[in-house]
Amino acid sequence: MPAQTKIQVRRDTSSNWTSTNPVLAAGEFGLETNTLKLKIGNGSTAWVSLAYVGSTVERDTLVRFYMEVI
């Protein structure tokens, strides 16, 4: 039987994300529960400075991140 993997996304309201301003681990997802907007951490940038998934800046960041992994 294959191993089961559980993926859990960090989630909170946009105001709580902004007030705590955490640094997400590289590849860690953060979801705003009231806006359903998503950010992906890089291990060094605080929440308010991360771009939302789907923005041009975020796409460029994701490409660079995955090219480093490969």
Taking region 1-49 and dividing mean pair separation by its residue count, relative contact order in percent (alpha carbons under 8 Å, at least six apart): 36
DSSP-assigned coil residues among trypsin sites (Lys or Arg not before Pro) in region 1-60, each with at most 16 further Cβ atoms within 10 Å: LYS6, LYS37
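When ligands, DNA and RNA are left out and all protein chains stay put, how many square angstrom of accessible area per residue does region 1-50 have with a 1.4 Å probe?
Heavy-atom SASA per residue in region 1-50 reads 69 Å².
The values are calculated or read from the model by the stated rules, or taken from the named source; none is laboratory data. Since the structure is predicted, the reported quantities are computational estimates derived from the model, not experimental observations. Positions of Cβ are backbone-derived with ideal geometry, glycine not excepted, and every protein chain shown enters the neighbour counts. Only protein heavy atoms, including side chains, enter the accessible area calculation; ligands, DNA and RNA are left aside. Shrake-Rupley method; radii C 1.70, N 1.55, O 1.52, S 1.80 Å.
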